[in-house]
Amino acid sequence: MIRTVSLFFVLLAVWLLLSGHYTPLVTGLGVFSCLLSALIAHRMDVVDHEGQPLHLGPRIIPYWGWLMAEIFKANLDVAKCILSPKSHLRPSMFTVTASQKSDLGKVIYANSITLTPGTVTVDLDGDRVLVHALTVGSAEGVKAGDMDRRVTKVMEEHL
Amino acid sequence: MSMIYAITAIAILVSIALALVRAILGPTSYDRILSANAIGTKTVLLIGVMGFMSGRPDFLDLALVYALVNFIGTLAVLKYFKFGTLRGTLSKPVDNP
Amino acid sequence: MIDLALDIATWILLLAGGLMLLITGLGLLRLPDLYTRIHAGGMADTLATAFIFFGMALQSGFTLVTAKLLMIVIFIFFTSPTASYALAQASFVAGLKPKLDGFEDEDA
């Protein structure tokens, strides 16, 4: 139930941000449609911990900051690689192990790998993640497992 | 200030042209999907920049919808390629001949 | 004074974004195979988008327009890896082998 309520407030926030018209009639219709959507989603039983990951809480925010810094560094790496492929381009493919237990944690990890340029998740099978890397540096970055530990910490799964 | 928007728009258009060349060259259909996806993302940027250039930031709503359509379109084409049909869920592969 | 600083920051961010996009287009053309091109495509989705939209957000200040810009950036950041993964996975399942320089060919 708490997830349905939070879904309603998220929908309402998005509606208010996108609308820009705040007359009583339009706002009323907006609130009504958000309420209807939340109720229908509740009845369809599609409101779950994956759609509304409330349990992650604010711990994900510092992770996003760290991820942005990583993305910035990786972008410069890929740009260098494109400008001089001869000296930098060393494509490789390898498997790493994801230490997260839940599906959501694995998805966050795999998507973080893909979001960082220079590394792409090709396959996710159980806890084995098949990664394609563009350069030696990006491959070493994933193999070092720093991102893996950080995602596990966000999910608060101590092994 | 609209000077810099024009420069950025030209850069985006050149980038779209390069992606289009890749789409024409291929060689596999996956390269073409990649190009289509990249062109879609750049179009989102182009709509945003053009909106600011003409002083009508309302265009951002169109950019948001274009981003949605681009994402769903890419996934739909890939699902069709992978499973040979658009029926069923993504998680369970259909046994196709 | 503040306006001038904001304008200069916008110029720098938009120019950097445009440069990133040009490098991305070049990468789509000159990288050797599909898997390496995915990296180039992903670059446009992340840093170039962030640069250009943050540059425009500096011009619009604290308004609904800025909120919409941020929303588009967040949306692209959530969907771009999904699309890249779907593309890589589909081509891998279809049997397209990546070109590797004989460098740590463990699992391919």
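The values are calculated or read from the model by the stated rules, or taken from the named source; none is laboratory data. No experiment lies behind these values; they were computed from the predicted model shown. Here the Cβ is made from the backbone with ideal geometry for all residues, glycine too, and neighbour counts use every protein chain on show.
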Looking at (1) in contact (Cβ under 8 Å) with a residue 60 or more places away in the chain; (2) of a type in the set (Lys, Arg); (3) surrounded by 13 or more Cβ atoms within 10 Å (Cβ to Cβ), which is the only condition A:Arg59 fails?
(3)
Which of the residues spanning segment B:1-44 are among the aromatic types (Phe, Trp, Tyr) and either loosely packed, with under 13 Cβ neighbours inside 10 Å or farther than 22 Å from C:Thr10 by Cα (or both)?
B:Tyr30
Quick check on A:Leu36: is it surrounded by fewer than 16 Cβ atoms within 10 Å (Cβ to Cβ) and either over 30 Å from C:Leu19 (Cβ atoms) or out of contact with any Lys or Arg (no Cβ under 7 Å at 6 or more places or on another chain) (or both)?
yes
Kindly evaluate A:Met68 against the criterion of being free of Cβ contacts under 8 Å to residues at least 24 places away in the same chain, out of contact with any helix residue (DSSP H, G or I) (no Cβ under 7 Å at 6 or more places or on another chain) and either basic (Lys, Arg) or closer than 22 Å to C:Gly27 by Cβ (or both).
yes
Out of the residues in segment C:41-60 meeting the condition of being facing another protein chain (nearest Cβ under 7 Å) and within 8 Å of the chain's Cα centre (by Cα), tell me which one is modelled with the lowest pLDDT.
C:Ala44
Taking A:Ala139 and the conditions (1) closer than 28 Å to C:Ile23 by Cα; (2) in contact with a helix residue (DSSP H, G or I) (Cβ under 7 Å, 6 or more places away or on another chain); (3) not in a strand (DSSP E or B), which numbered condition does it fall short on, given that it satisfies the others?
(2)
Being out of contact with any Ser or Thr (no Cβ under 6 Å at 6 or more places or on another chain) and at the interface with chain C (Cβ under 9 Å from one of its Cβ atoms) is the filter; apply it to segment B:16-26 and report the residue that is modelled with the lowest pLDDT.
B:Leu25
Expected single match for more than 30 Å from A:Thr152 (Cβ to Cβ), at pLDDT 85 or above and not assigned by TED's automatic domain parsing to the domain that holds A:Ala144 among A:Ser33, A:Ser19 is A:Ser33
Within segment A:71-111, restricting to residues that are in contact with a helix residue (DSSP H, G or I) (Cβ under 6 Å, 6 or more places away or on another chain) and polar (S, T, N, Q), the one that is farthest from the other protein chains (Cβ to nearest Cβ) is A:Ser99
Does B:Ile47 qualify as being β-branched (Val, Ile, Thr), buried (at least 16 other Cβ atoms within 10 Å of the Cβ), under 14 Å from C:Ile72 (Cα atoms) and modelled with pLDDT of 90 or more?
yes
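Matching residues to (1) hydroxyl-bearing (Ser, Thr, Tyr); (2) part of a helix (DSSP H, G or I); (3) surrounded by fewer than 16 Cβ atoms within 10 Å (Cβ to Cβ):
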site: A:Leu12; (1), (2), (3): no, yes, no
site: A:Arg43; (1), (2), (3): no, yes, yes
site: A:Gln52; (1), (2), (3): no, no, no
site: A:Trp64; (1), (2), (3): no, yes, yes
site: A:Glu70; (1), (2), (3): no, yes, no
site: A:Lys101; (1), (2), (3): no, no, yes
So A:Val136 fits all but one of (1) surrounded by 14 or more Cβ atoms within 10 Å (Cβ to Cβ); (2) within 17 Å of the chain's Cα centre (by Cα); (3) more than 7 Å from chain C (Cβ to nearest Cβ); what number is the exception?
(2)
